[in-house]
1. Which pairs, out of K154/K266; K169/K248; K169/K219; K169/K266; K154/K248; K248/K285, put more than 30 Å between their alpha-carbon atoms?
2. Could you tell me what percent of the accessible area of the chain is made up of carbon and sulfur, with a 1.4 Å probe and every protein chain present?
3. Please state, rounded to one decimal and in Å, the Kirkwood hydrodynamic radius that region 83-242 gives when every pair of distinct Cα atoms enters the mean of 1/r.
4. Filter the trypsin sites (Lys or Arg not before Pro) in region 147-184 down to the DSSP loop ones having no more than 13 other Cβ atoms within 10 Å, then list what survives.
5. List the GluC sites (Glu not before Pro) within region 223-325 that DSSP assigns to loop and that have no more than 12 neighbouring Cβ atoms inside 10 Å.
6. By how many nm would the segment from A167 to A191 grow when fully extended, if each residue of separation counts as 0.36 nm and the alpha-carbon distance is taken off?
7. On a full-extension model of 0.36 nm per residue, what is the gain between A19 and K248, subtracting their alpha-carbon distance, rounded to one decimal in nm?
8. Can you give me the convex hull volume of the Cα atoms of region 152-295, divided per residue and expressed in Å³?
Amino acid sequence: MQAWQVHENGEPSEVMRLADVGTPTPGDGQVLLKVRAANINFPDALMCRGQYQVRPPLPFTPGVEICGETEDGRRVLANPALPHGGFAEYAVADAAALLPAPDALDDAEAAALHIGYQTGWFGLHRRARLEAGETLLVHAAAGGVGSAAVQLGKAAGARVIGVVGGAAKAAVARELGCDVVVDRHTEDVIAAVKEATGGRGADVVYDPVGGAAYAQSAKVVAFEGRIVVLGFASGTVPSPALNHALVKNYSILGLHWGLYNTRNPKLVQHCHERLTELAAQGAVKPLVSERVPLGGAAAAVQRVADGVTTGRVAVVPGLTEGGAA
């Protein structure tokens, strides 16, 4: 089969190599899956660079979430068991963790419903306890993680403010349903959010960016607000001023979705059932901005790493270079 492999750490476009390799053999409790679509996540780029908390042994195949097909023809969502990741024709995954792919979504959309939307659901509902009528601020609102949070926030009845970088991403955020869009390239984020909330600030802030975005979050979070920290796409891990949290009465909530797979897998199943219902209702629909063939995976991962994409980019092995399935 064909699979992308990383033999040394570095930028995705430089270290990912497409190769003919043997089809992986499932271990105990694992199944072999034909990859129908693999969603690109920022951690794929971090793993290529050797900067992610999970460091698979070299060589490895990136790709941490897929829509795959079992040998008996079932369409499922899975997190491939590294080093046999999803940017390949076949992957392996733990049988107990497979989730049925929602009928309402195509393969690329289904693959994108997994990590980003589960993260959003746990972040907004389990950690922040977002309520209808509250104001939700989403950083990087046009990106893969942010776009999921925007849709889930709207589905929960929140007023959503999206922060983006650039006019093109602002247009995407509006299409996603943001009530207010702030372009950090041309606007003062703090002033714009305060104006949009009558000076009160946001009840919940969803931050996958870190760095300067977190500093803005602390400035605009409301009394008894909640800042959900789920990543540092900016490359800078902030050091929160805890005295500021004390005098302003807000909470800083960490979210590592992967822990639920080991600590409380029943909640992951419940979350998937709820997301499937929302997809069937049309309340959420992953924004897949690009579908690329297997041969285009390295360049696509690099674009995600560079922050120039919107929504999700999916690798579809059955897609030809001309775009036909």
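1. On the way: K154/K266 25 Å; K169/K248 32 Å; K169/K219 23 Å; K169/K266 36 Å; K154/K248 26 Å; K248/K285 36 Å.
Beyond 30 Å between Cα atoms: K169/K248; K169/K266; K248/K285.
2. Carbon plus sulfur share of accessible area: 50 percent.
3. 16.4 Å
4. Passing both the DSSP loop test and the Cβ count: no residue.
5. On the way: sites: E224, E273, E277, E290, E321; in loops: E321.
Of the GluC sites (Glu not before Pro), the ones in loops of region 223-325 whose Cβ has at most 12 other Cβ atoms within 10 Å are E321.
6. Value of the extension gain: 6.8 nm.
7. Working: separation 229, 0.36 × 229 = 82.44 nm, distance 5.44 nm.
Here the segment from A19 to K248 would lengthen by 77.0 nm.
8. Details: hull volume 23.6 nm³, N = 144.
Here the figure is 164 Å³ per residue.
The values are calculated or read from the model by the stated rules, or taken from the named source; none is laboratory data. Keep in mind that this is a model prediction, so the values were computed, not measured. Counting neighbours? That spans all protein chains shown, and the Cβs are built from the backbone with ideal geometry, glycine included. Note: areas computed on protein heavy atoms with side chains; ligands, DNA, RNA excluded. Shrake-Rupley method; radii C 1.70, N 1.55, O 1.52, S 1.80 Å.
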